[in-house]
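To start, the structure itself, in structure tokens.
The values are calculated or read from the model by the stated rules, or taken from the named source; none is laboratory data. Only a predicted model underlies this, so the values are computations on that prediction, with no experimental measurement involved. Cβ coordinates were reconstructed from backbone atoms using ideal geometry, including for glycine residues, and neighbour counts include every protein chain displayed. The area values use the complete protein model at the heavy-atom level, side chains included, leaving out ligands, DNA and RNA. Shrake-Rupley method; radii C 1.70, N 1.55, O 1.52, S 1.80 Å.
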Amino acid sequence: MIFNTIDFVIFFIAVCTTIVIVKNRKFQHLFLLGASYFFFYYSSNYLITLLIFTTIWDFYLGQAIFNAQNIQKKKAILIISLAGNLGLLGFFKYADFAITQFNILGQHFDLATQIPLLNLTLPIGISFYTFHSITYTVSIYRGQMPPAKSFVEYGIFVAFFPQLVAGPILRAKDFLPQLREKIENFETGTRLRQIIINNQNLKLGVTIMAFGFLKKMFFADNIAPFVNKIFAFPIGQDSFSIIMATIAFGIQIYCDFSGYTDIAIGAALVLGFKIPINFNKPYFATSPSDFWRRWHISLSSWLRDYLYIPLGGNKKSKVRTYFNLFVVMFLGGLWHGASWNFVIWGVLHGAYLAIHKFVTDRFPVLKDHRFFKTRIGMIISIAITQYFVFLAWIAFRVKNTNDMIYAMQKYVLIDFQTSGITSLINQNRFPFVLMFLFIVLHFISYKNKNMIEKISSFRLIHWTLILVIIMMLIFFFYIGNPESFIYFQF
Amino acid sequence: MNELGKKLSVSISIAIAFLIAFSFLYIFLKSNTSDLTKQENDFYSQDFGTQKKIVILGSSQTGHLNATYLDGYISKNNKDYRVYNLSITGDRPSQRLGTIDKLISIKPDLVIYGIGFRDFENEEHENMDKSNVTENILPDPQAYVRQLIKLHLLTGYDLNFLQSPKGVTFTFLHDILAPPDTSAAMYVSNTPFFHPHPIGIQITILNSTSDYNQEKQDIQGSFTGMAFPDKNIDAIALKEILTKLREHNIKVVIFTTPYKKSYLEALPNSYKQIFSSILNDITQQHSVKVYPLDDKYENFTGVWTDYNHIALNKKVTIYDYDIGKIILNETQ
């Protein structure tokens, strides 16, 4: 089920209504688990068996890790858990990619054999729920939390529908306690809290969801046709077209992904659950590392805690640190998809991080220089950082290598061809207007922290008016076929 | 107000916001789109008497044919036929098949069907990542829900006009911000389902090679892919249309709709092959004559409103003239 459909609206209303009516904690949890499985089953059909398998696998292995007597046994069980999770992810996501590369190599060396592709369907959300499960078993192994009290609670953590298919990637130690929150009751002592939809969360959650829908359905979906047009056949396009399409794609993917995340966060908040933010104005990042503290925060922090730090982080030698950055970003790129363009994207970001680290280590005075704290200095830092971020977006968007190289060349080596500029803008007025509008609104939200919270605290009549405006923008510019979220393919 | 009251107020506010926004949308679309079903019912239920009829079928590409001009042209050649242009914007054979029985009921003497590459294109982009599309082995709740929430089943009204508001909004804004010049408009009758927009009157001329190249690149980005004839639902639908017309002894001829050179140069080879294969099937299996007009005007300037529409303009009669000749040829 995708968020931007009437099916989801009806589903969400039904879930909230049931939670409000039935005030029994056990039923609410069971119902939430059932609803989450239904949400997944709706578009994934039989592939729900993988989700259930992952849940059962790690629930019992988590208990086994906790109950293991010594560290070697804990480690062994953890390795089994990781092997199962990553094996499943690797098989469904990368088997055909590996076979294709093997066949290409085979052709290159004139080997007679060609392995047939398995043509596996990529289960929606597998990259995300696999990582959720890994946080659970690793947290138990590290002694950060005990196992979940019940299968139902663990099942909700893995399958919680707002974040199931495209994140944010939840941490077990942050989410599971929310299911076991206690409340004081002076008559009977403490008891476990039911799921409660309170007024404040409802208003704030709906506000966040509304802006999420606006970002996705008004901005991202209406900028997409322009991006698709240019990048369908980039060879022959001039620099201005490539640069504009790159900026447009950067805005599209941000609005698409952060829009989805907002809907997820808002929906979870309505139900009384806090899930972490995933974006923090990434296009105002002043350095590559700052970008990764602002973009897909749940993934970058997951990679930091479960890959970068276990590899040694920045505690080993400088060369090892750069290597670690490269490996983490290489794998981070590969996580996005079984395709070389995602690997290139990851490697580029790995290079940016490594080079930035090298420069700041070599010239520490640059890191804390006063100039970069001034307005001009910050603007320059942002401009340079975003130049490279958007260059990497070309690799993310353009799968064909020749097209990618051409587009990057045109981005970096500007041809100053101006003859097609007027025609390009004239034929794509609406996407250009949206891009401009996005930049203005994004800047306003950057300057005004907590804008969403402020809007949600408006008087009801003003708040309703904001909702009317948002809905009208979405309805009046609705294309007709709901565009899937970009991150669903991962 | 207690907590329940506040929650209720917020929920009611959300519902009110939705109702207001939806009402605005409904009123706007209702007043800016035509009710095709009603128009079709009105047209097909009228009494044609003994009048001999020629009907033109197709999408907006044939919608720009002037039925009034054609009436005049063939009557000058002593033919007593009335020409009806039954083109529908965005029409394709799979949609036309739904009303073919109504067409047969009015017993046209000749059907002229204009088809183009777009008629057989995929409706969604074939480059969309389909690796997430799951084959349904277990029961599919989506199918049940789709049936339940089909708008015309729920309300009994045809609410298809609500499906794609963006185009209507754009046209509305364009008319306000850049009202088109209608001085070259013509009176056109007997075109009940197609309402040419004033933009269709404009003649567009590309001034430079870079404009031409830009147009070609824009066209390249618009292709969504084309299924092979045996899996192409519109090709299958077209054959069914031809079979039904033949069973009722209704003569039909086909012409390929015209395209600009930029479009034909940008066209993928696979399109050309599949289209050609479909036309061959039609010629051989259905004995239907096909008049090729797809590249007839490719090098003409001063006749195009865009790369696949001849302008519906006083100064442009070449397209109508050629269709007129086809009619004369087929009514001898």
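Taking the stretch A:78-97 on its own, how many of its residues are in contact (Cβ under 8 Å) with a residue 40 or more places away in the chain and open to solvent by less than 80 Å² (accessible area, probe 1.4 Å)?
The qualifying residues number 11.
Out of A:Gly259, A:Gly272, which single residue is touching a residue at least 40 places away in the same chain (Cβ under 8 Å), under 19 Å from A:Phe8 (Cα atoms) and open to solvent by 10 Å² or more (accessible area, probe 1.4 Å)?
Unique residue meeting the criteria: A:Gly272.
Can you tell me which residue is surrounded by the fewest Cβ atoms within 10 Å (Cβ to Cβ) among those in the stretch B:196-247 that are touching a Gly at 6+ places or on another chain (Cβ under 9 Å) and charged (D, E, K, R)?
If we take residues in the stretch B:196-247 being touching a Gly at 6+ places or on another chain (Cβ under 9 Å) and charged (D, E, K, R), then B:Asp211 is surrounded by the fewest Cβ atoms within 10 Å (Cβ to Cβ).
Tally the residues that are open to solvent by less than 20 Å² (accessible area, probe 1.4 Å) and under 14 Å from A:Val152 (Cβ atoms), restricting the search to the stretch A:35-65.
Qualifying residue count, the stretch A:35-65: 4.
Please verify whether the stretch A:196-219 includes one or more residues that are away from chain B (no Cβ under 14 Å), touching a residue at least 60 places away in the same chain (Cβ under 8 Å) and aliphatic (A, V, I, L, M).
Scanning the stretch A:196-219, I find no residue that is away from chain B (no Cβ under 14 Å), touching a residue at least 60 places away in the same chain (Cβ under 8 Å) and aliphatic (A, V, I, L, M), so the answer is no.
Quick one: in the stretch B:183-195, which of the residues that are surrounded by 17 or more Cβ atoms within 10 Å (Cβ to Cβ) and among the polar types (S, T, N, Q) is nearest to B:Ser270 (Cα to Cα)?
By that ranking, first place goes to B:Thr191.
In the stretch A:341-392, how many residues are hydroxyl-bearing (Ser, Thr, Tyr) and surrounded by 14 or more Cβ atoms within 10 Å (Cβ to Cβ)?
Total meeting the criteria: 4.
Among the residues of the stretch A:417-475, write down those that are surrounded by fewer than 17 Cβ atoms within 10 Å (Cβ to Cβ), facing chain B (nearest Cβ under 8 Å) and hydroxyl-bearing (Ser, Thr, Tyr).
Across the stretch A:417-475, the qualifying residue is only A:Ser419.
Restricting to the stretch A:223-257, and then to whatever is more than 9 Å from chain B (Cβ to nearest Cβ) and touching a His at 6+ places or on another chain (Cβ under 9 Å), can you tell me which residue is farthest from A:Gln409 (Cα to Cα)?
So, considering only residues that are more than 9 Å from chain B (Cβ to nearest Cβ) and touching a His at 6+ places or on another chain (Cβ under 9 Å), the one farthest from A:Gln409 (Cα to Cα) is A:Phe257.
Which helices (runs of 4 or more DSSP H) does the stretch A:382-448 wholly contain that include 2 or more residues that are in contact with a Leu (Cβ under 7 Å, 6 or more places away or on another chain)?
It comes to A:401-412.
If I ask for residues that are in contact with a Phe, Trp or Tyr (Cβ under 7 Å, 6 or more places away or on another chain), facing chain A (nearest Cβ under 7 Å) and either of a type in the set (Ser, Thr, Tyr) or not in a helix (DSSP H, G or I) (or both), which ones from the stretch B:7-33 would you list?
Hit for the stretch B:7-33 is B:Ser13, nothing else.
Restricting attention to the stretch B:49-61, report how many residues are within 17 Å of B:Arg82 (Cβ to Cβ) and either open to solvent by 30 Å² or more (accessible area, probe 1.4 Å) or under 14 Å from the mean Cα position of the chain (by Cα) (or both).
Residues meeting the conditions: 6.
Could you grab me the full set of residues in the stretch B:138-163 that are facing chain A (nearest Cβ under 7 Å) and at pLDDT below 75?
B:Val145, B:Ile149, B:Gln163
Which residues, counting only those in the stretch A:223-246, are assigned to a helix (DSSP H, G or I), in contact (Cβ under 8 Å) with a residue 24 or more places away in the chain and surrounded by fewer than 21 Cβ atoms within 10 Å (Cβ to Cβ)?
If the condition is that a residue be assigned to a helix (DSSP H, G or I), in contact (Cβ under 8 Å) with a residue 24 or more places away in the chain and surrounded by fewer than 21 Cβ atoms within 10 Å (Cβ to Cβ), then A:Ala224, A:Pro225, A:Ser239, A:Phe240, A:Ile243 are the ones that fit.
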